[in-house]
Every structure is written in structure tokens, then in C-alpha cells.
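Report on the following structure.
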């Protein structure tokens with residue numbers, strides 16, 4: 001996956017050891033799916049690297065979610081039947 005480098009005004013490849021843009025949490029679900037979760041405070045915004053990572057996940061049919069509270073996370077997992 002490549003990212004657009006604003007300073008260089010060009011796309012660049014990521015090293016396998018580079019972690020820019022990775023979300024705060026990766027949840028491996030019992031059915032084999034993976035949820036990528038970014039935690040943000042109220043009014044918090046994603047970096048360009050985080051937006052690029054989200055795009056790549058969703059382009060491949062993955063689930064990427066921005067969560068702003070524990071209650072929101074619980075409600076989301078409850079609605080998906082993952083917790084009671």
C-alpha cells in the first residue's frame with residue numbers, strides 16, 4: 001500500500017516496518033473477520049495516513065470504524081451480536 005507524501009508531493013511505498021496510519025485497535029472476530037478501530041475524542045480528526053489506511057481497508061471489503069466512546073463501541077458490537 002502506498003501513501004501520498006505531502007512534503008515530497010509524491011506517492012511512496014511503505015516499509016513493512018512502518019506503522020503510520022494503523023488504527024488503535026485490531027479486533028479478530030470469532031467468524032474470521034477483522035475489525036479495524038480508531039478511537040477519537042469528540043472533535044478529533046484522522047491524519048492523512050489514517051484516512052489512507054481506512055480507504056485501503058474498505059476498498060478490500062474490510063470494516064474500519066471510528067469510535068468516540070466506550071458506549072458507542074459497546075452499542076456497535078451489541079448490534080452485531082458480538083456481546084450481550
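The values are calculated or read from the model by the stated rules, or taken from the named source; none is laboratory data. Keep in mind that this is a model prediction, so the values were computed, not measured. Cβ: placed from backbone, ideal geometry, glycine included. Neighbour counts: every protein chain shown.
Points to keep in mind about this one:
- When residue 38 is tested against the conditions (1) modelled with pLDDT under 90; (2) surrounded by 17 or more Cβ atoms within 10 Å (Cβ to Cβ), the lone failure is (1).
- Answer residue from segment 55-81, given it is part of a helix (DSSP H, G or I) and touching a residue at least 24 places away in the same chain (Cβ under 8 Å) and is farthest from residue 10 (Cα to Cα) among those: 73
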